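Input: a single structure, listed below in structure tokens.
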Amino acid sequence: MTIDPARKTVAEHLVDYLERRDIKHIFGLCGHTNIAVLSALEESAIDFVNVRHEQIASHAADAYARVTGRASVVLSHLSPGLTNCATGVANAALDCTPMVVIAGDIPTHYYGKHPHQEVNLHADAAQYEIYRPFVKRAWRVDRADLMAEILEKAFHLAESGQPGPVLVNVPMDIFSEVIDSATFDRLRDHTKSLVKPSIDDETAERILTTLADAKDPVLYVGGGILLAEASDELEAFVDHMQIPVAHSLMGKGALSDAHPLVLGMTGFWGTELVNKSCLNADIIMAIGTRFKEADCSSWYPGYTFNIPGSKVIHIDIEPSEIGRNYPTEIGVVADAKAALRVLLRVAKKLFPNGFDRPTLKEKIGAFRKEFKAGNAEMAASDAFPMMPERILSDTRSALPDDAIITTDVGWNKNGVGQQFDILTPGSILTPGGFATMGFGPPGAIGAKIAAPDRVVLSLVGDGGFGQNPAMLATAVEQDLGIVWLVMNNNAFGTIAGLQKAHYGKTYGTLFDGKNGDAELTPNYADIANAYGAVGIRISSAAELLPTLRKAIASGKPTVIDVSMINNPTPTTGHWNILDIYSPDKDVSHVSTD
């Protein structure tokens, strides 16, 4: 009996389809509902990145997609596997990261019978409904012949418009069903990506004339610049028009912090220069940003933006973002890269000699110098436990300009946004909208797999590192030369500082053990060693920089555990929660040491 080579299981067709899409890696964890896919992957060139917890897979896939600029793929088991994965998928959703989650489910012939691990408390076979609040779309594949077109729709939707994750939920019997290749073959010549919208010359002229006539214009850029891979276009436009650039947290690294017109990150953790510049702007041109709460000082006037007052031009790929939080004078639905190309071309036609603002550059340069001088004592301090400013300073010194940094939540995110220079666009990966503790360490895995020739370092607090230390097993198995720098203040430090400032207590926010004690537990260096990685616990400030340089040079997965003072990140903006806690007091965070 001859077997028709065109007749394969749906799982085998799935792997063939992913290969034709040039998928190189799949992140996930096995389960009885997805082993048909794993078996089909065994002979494939696609590498399955095996993890010990599904949240590790989704965070790693998130970072992988940010570095590659294409949708990543996660393979999940049903129910607990899918819910374990959910936090990382939701993080990707709020940060607009393209991702295709493929999940196994109960067999179709057991719908409603309450088989092993079925989600059916409100509807039969309802597992895929769990993801509806945060994915762009969730499909349940009810027929094998629909698998191909659902996959095609899934990838296009994940990568188009405002990118984000999607779910393809597949009953295990459909994975194992044998079908011919006709439904997959018809897609072979279909486009793999959609052309993104741009702007017309008339709109570009209107925008440019408005900017040219403005007294104090500001460009306000967000993560949409990085998602569109538009940093080069942004830099060329800024150089020609000479307009200062403010950015959101997610826009950090859209333009090198060394550029003379970069003002810095806005909002609660923004500096006086950037917040005042935005307050005083008569025209704000926003590109690829959603004007989110922390970036806008909870939208309170007088802290970061005065809108209305300042007039807004807003360019974004997603129509619903335009005018969501601030009234907009000119709203344009367009891809950031395409729009900036048109704007630059028309700008060169309208203003062939460009603009020159030497006084503005001098003002920005003087503030940067003054700001760094204000941090100099902390950045050079030999105190131990270490000052966070010294940790960031030594880390920047140790890293090459194009190193990829993943951050987590706390000083390592807020302080980096405010004080740490990103010199290569797109080289910082941070959890923005969901602010997910635990993103950074597994995110570094995805980043290193995506860019194996670049240095990858994860700046993370002890709280975040403790979320999923099992990611070290994957790093060791994959031989990934990542450095995890644990800024260990023996606390959920940001929350401890808030509680201490507003309630005079730190209950539930500090860990047992004295900060700086050699016996402080857990010892993350010992945990790293147990997983087969290199673990180092720093005992003095002078040790950190040479230890970092040695760890980077070694090419081995290395955890550096460094004790840190729990001081708050300085703030000049505002956050509404402060009014909720202490409506009659001018207080933010305080040190808990």
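For (1) surrounded by fewer than 20 Cβ atoms within 10 Å (Cβ to Cβ); (2) assigned by TED's automatic domain parsing to the domain that holds Gly161; (3) outside any helix (DSSP H, G or I); (4) not polar (S, T, N, Q), each residue gets a yes or a no:
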residue: Ser320; (1), (2), (3), (4): yes, no, no, no
residue: Arg324; (1), (2), (3), (4): yes, no, yes, yes
residue: Ala338; (1), (2), (3), (4): yes, no, no, yes
residue: Lys349; (1), (2), (3), (4): yes, no, no, yes
residue: Gly354; (1), (2), (3), (4): yes, no, yes, yes
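So is Asp579 at pLDDT 90 or above, under 29 Å from the mean Cα position of the chain (by Cα), surrounded by 20 or more Cβ atoms within 10 Å (Cβ to Cβ) and not polar (S, T, N, Q) or not?
Criteria not met by Asp579.
Yes/no matrix, rows are residues, columns are (1) assigned to a loop (DSSP other than H, G, I, E, B); (2) among the small types (Gly, Ala, Ser):
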{"residue": "Leu263", "(1), (2)": "no, no"}
{"residue": "Cys278", "(1), (2)": "no, no"}
{"residue": "Ala286", "(1), (2)": "no, yes"}
{"residue": "Lys292", "(1), (2)": "yes, no"}
{"residue": "Asp295", "(1), (2)": "no, no"}
{"residue": "Tyr303", "(1), (2)": "yes, no"}
{"residue": "Asn306", "(1), (2)": "yes, no"}
{"residue": "Ile313", "(1), (2)": "no, no"}
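Say we look at segment 481-520 and pick out the residues that are more than 20 Å from Leu392 (Cα to Cα) and aromatic (Phe, Trp, Tyr); which of these is modelled with the lowest pLDDT?
Filtering first and then ranking leaves Phe511.
Could you grab the pairs with beta carbons closer than 9 Å, sequence gap of 6+ or different chains, first residue in segment 464-483 and at positive phi, second one surrounded by fewer than 24 Cβ atoms within 10 Å (Cβ to Cβ)?
Asp479/Gly555; Asp479/Lys556
Among the strands (runs of 3 or more DSSP E) contained in segment 152-260, which hold 3 or more residues that are buried (at least 22 other Cβ atoms within 10 Å of the Cβ), touching a residue at least 40 places away in the same chain (Cβ under 8 Å) and not assigned by TED's automatic domain parsing to the domain that holds Lys311?
In segment 152-260, 165-171 are the strands (runs of 3 or more DSSP E) which contain 3 or more residues that are buried (at least 22 other Cβ atoms within 10 Å of the Cβ), touching a residue at least 40 places away in the same chain (Cβ under 8 Å) and not assigned by TED's automatic domain parsing to the domain that holds Lys311.
Which one is nearest to Gly438 (Cα to Cα) among residues in segment 46-101 that are out of contact with any strand residue (DSSP E or B) (no Cβ under 8 Å at 6 or more places or on another chain) and among the basic types (Lys, Arg)?
Going through the qualifying residues, I end up with Arg52.
Hey, can you tell me all the residues within segment 278-293 that are surrounded by fewer than 24 Cβ atoms within 10 Å (Cβ to Cβ) and of a type outside the set (Lys, Arg)?
Those that are surrounded by fewer than 24 Cβ atoms within 10 Å (Cβ to Cβ) and of a type outside the set (Lys, Arg): Leu279, Asn280, Asp282, Ile283, Glu293.
The values are calculated or read from the model by the stated rules, or taken from the named source; none is laboratory data. All values reported here derive from a predicted model rather than from experimental measurement. Ideal geometry is used to build each Cβ from the backbone, glycine not excepted, and the neighbour counts take in all protein chains shown.
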